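The values are calculated or read from the model by the stated rules, or taken from the named source; none is laboratory data. Fair warning: this is a prediction, and the values are worked out from it, not measured in the lab. Positions of Cβ are generated from backbone atoms using ideal geometry, with glycine treated the same way; all protein chains shown enter the neighbour counts. The area values use the complete protein model at the heavy-atom level, side chains included, leaving out ligands, DNA and RNA. Shrake-Rupley method; radii C 1.70, N 1.55, O 1.52, S 1.80 Å.
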Amino acid sequence: MLVISVWPSLSYSFRCPGPGVFQCALTGLVFVMAQEAELLYRTVQWDESFLQSAGKMAAGPLFNIKCSEDAALRELHLQHCDTKEALLCDGLLSVAHISDDEMSILEPLEITDTHVVVKISHLSAFGLIWDTILRIRNLIWPINGQVLLFLRPRNATHQVLDVFLLNKNVPVSEVKVQQEGAKNIKISAKCLFNFGQSYSVHCEPGSFRIQPDRAPFDSDYGPNYHPTFEVFLTTIPEEVTLMVRNPGRTEDVWRRDLLQADLTMEIPQRNVPAEDSVSPEERLRLIRTKFVEGMSDPNLNKLLDELLQRRVISDEEMESIKTKTRADKARDLIDTARRKGTEASRVLIAALRKDDP
């Protein structure tokens, strides 16, 4: 399995070595192959106008699928999130096939406890759909859901834990790729949700600030995934119990214990030698690329004034450097200081810390 990142979504590649049944561990898709072939697939956005005109609603991600051999893929199994009770309703689930700006509806060959099976004649986009009337008429049926936790990088005062309430068949990989810099806390995620029901998040022990107070559960298949709740962690005890509750019921929908290590994100250390282990000239050499890329023109002028005042550079050198473009000005400034030795390099480092910490 090879996953190619294409922000903010993913593309997947699956090489099937021959005929057989193969399952993608990241998306839950199952492919029934007649021969060796390579599959390329990615999630794409649903067109709500197609769904509404057909009286349908999305019941899973929409996958655009391509195959190196046209006739290689015989059957496709799409993962659903319905419970056994809901599956007793005939006509609830089907598969949308979207091609050439048209949508056709494929009736399932079989519906198992986990997947909807359809026969494939030609490839394009496929996705699970619910019959809107049947789904709304039977809102009492819960769906299999998941609670995903992402810990944002710590700021000066606190860390934020993002809590996502999602359908079980939303690929975690699709959510994870959008949480730049966050830590995915791997924990048992399974639970049951009801559409339209409101849920709340609670923490024990501690009086953490959580927003919002409650939120309704809505079916969400992207393309953007936003946290349902934010938990602001000002202090982190050794152990925290996190709960998702339906305010109208006494039992928690989801309850897990988190350890202090789960709620801690280490600050990455920059790979720069200790100051007393290298010379000032070497320290300037180590930061040269970032200096050239990141220094603004106003700050470069401040540094030039400081170096002139401290007699590191002459009037002629200053005027020569000032006439150049920003990047070339930065290169000449740092290289001139390095070439003039330890004391000149030390002066530039001190000026840089003062003008652009």
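Yes or no, residue by residue, for (1) within 19 Å of Y225 (Cβ to Cβ); (2) open to solvent by less than 80 Å² (accessible area, probe 1.4 Å); (3) at pLDDT 95 or above; (4) of a type in the set (S, T, N, Q):
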{"residue": "M1", "(1), (2), (3), (4)": "no, no, no, no"}
{"residue": "C16", "(1), (2), (3), (4)": "no, yes, no, no"}
{"residue": "F63", "(1), (2), (3), (4)": "yes, yes, yes, no"}
{"residue": "D70", "(1), (2), (3), (4)": "no, no, no, no"}
{"residue": "C81", "(1), (2), (3), (4)": "yes, yes, yes, no"}
{"residue": "S99", "(1), (2), (3), (4)": "no, yes, no, yes"}
{"residue": "M103", "(1), (2), (3), (4)": "no, yes, no, no"}
Need at least 3 residues that are farther than 22 Å from P171 by Cβ, open to solvent by 60 Å² or more (accessible area, probe 1.4 Å) and not small (G, A, S) per element, so show me which strands (runs of 3 or more DSSP E) inside region 216-266 make the cut, counting only ones lying wholly within it. 252-259
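Among the residues in region 155-167, are any at positive phi, in a loop (DSSP other than H, G, I, E, B), modelled with pLDDT under 90 and open to solvent by 30 Å² or more (accessible area, probe 1.4 Å)?
Here is the first cut: in region 155-167, the residues at positive phi are none.
The answer is no, given that none of the residues of region 155-167 is at positive phi, in a loop (DSSP other than H, G, I, E, B), modelled with pLDDT under 90 and open to solvent by 30 Å² or more (accessible area, probe 1.4 Å).
Considering only region 75-97, state which residues are within 24 Å of N64 (Cβ to Cβ) and of a type outside the set (G, A, S).
E75, L76, H77, L78, Q79, H80, C81, D82, L93, V95, H97
Can you tell me which residue within region 189-215, out of those that are aliphatic (A, V, I, L, M) and within 30 Å of E48 (Cα to Cα), is most open to solvent (accessible area, probe 1.4 Å)? Please lay out each step first, then the result.
Here is the first cut: in region 189-215, the ones aliphatic (A, V, I, L, M) are 189, 192, 201, 210, 215.
Those left that are additionally within 30 Å of E48 (Cα to Cα): 189, 192, 215.
Values: A189: 21, L192: 85, A215: 12 Å².
Out of the qualifying residues, it is L192.
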Cβ-Cβ distance below 6 Å, separation of 6 or more or different chains: which pairs start in region 148-173 with a residue that is touching a residue at least 40 places away in the same chain (Cβ under 8 Å) and end on one that is among the basic types (K, R) and open to solvent by 10 Å² or more (accessible area, probe 1.4 Å)? L151/K183; V160/R152
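Taking L148, is it modelled with pLDDT of 95 or more, in contact with a Leu (Cβ under 7 Å, 6 or more places away or on another chain), open to solvent by less than 40 Å² (accessible area, probe 1.4 Å) and within 24 Å of F195 (Cα to Cα)? Before the answer, list the steps.
Details: modelled with pLDDT of 95 or more: yes; in contact with a Leu (Cβ under 7 Å, 6 or more places away or on another chain): yes; open to solvent by less than 40 Å² (accessible area, probe 1.4 Å): yes; within 24 Å of F195 (Cα to Cα): yes.
When the stated conditions are applied, L148 passes them.
Rundown of residues vs (1) without any contact (Cβ under 8 Å) to a residue 40 or more places away in the chain; (2) surrounded by 12 or more Cβ atoms within 10 Å (Cβ to Cβ); (3) charged (D, E, K, R), yes/no style:
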residue: S53; (1), (2), (3): yes, no, no
residue: C67; (1), (2), (3): no, yes, no
residue: L76; (1), (2), (3): no, yes, no
residue: C89; (1), (2), (3): no, yes, no
residue: L93; (1), (2), (3): yes, yes, no
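Which of the residues that make up region 28-51 are under 16 Å from I105 (Cα atoms), in contact (Cβ under 8 Å) with a residue 40 or more places away in the chain and open to solvent by 40 Å² or more (accessible area, probe 1.4 Å)? Please lay out each step first, then the result.
Just the residues of region 28-51 that are under 16 Å from I105 (Cα atoms), to begin with: 46-51.
Of the ones still in play, those that are also in contact (Cβ under 8 Å) with a residue 40 or more places away in the chain are 46-47, 50-51.
Within region 28-51, D47, F50 meet the criteria.
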Being at pLDDT 85 or above and among the hydroxyl-bearing types (S, T, Y) is the filter here; which residues of region 281-307 pass it? T289
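Consider region 306-320. How many of its residues are surrounded by 13 or more Cβ atoms within 10 Å (Cβ to Cβ) and either over 25 Å from V278 (Cα atoms) or not charged (D, E, K, R) (or both)? Write out each step before concluding.
Step one: of region 306-320, the residues surrounded by 13 or more Cβ atoms within 10 Å (Cβ to Cβ) are 306-308, 310, 312-313, 317-318, 320.
From the residues that got through so far, the ones that are either over 25 Å from V278 (Cα atoms) or not charged (D, E, K, R) (or both) too are 307-308, 312-313, 317-318, 320.
Counting residues in region 306-320 that are surrounded by 13 or more Cβ atoms within 10 Å (Cβ to Cβ) and either over 25 Å from V278 (Cα atoms) or not charged (D, E, K, R) (or both) gives 7.
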Name the single residue, out of those in region 168-188 being open to solvent by 30 Å² or more (accessible area, probe 1.4 Å) and closer than 22 Å to Q23 by Cα, that is farthest from the chain's Cα centre (by Cα). S188
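Which residue, of T336, T323, is open to solvent by less than 40 Å² (accessible area, probe 1.4 Å) and β-branched (V, I, T)?
T336
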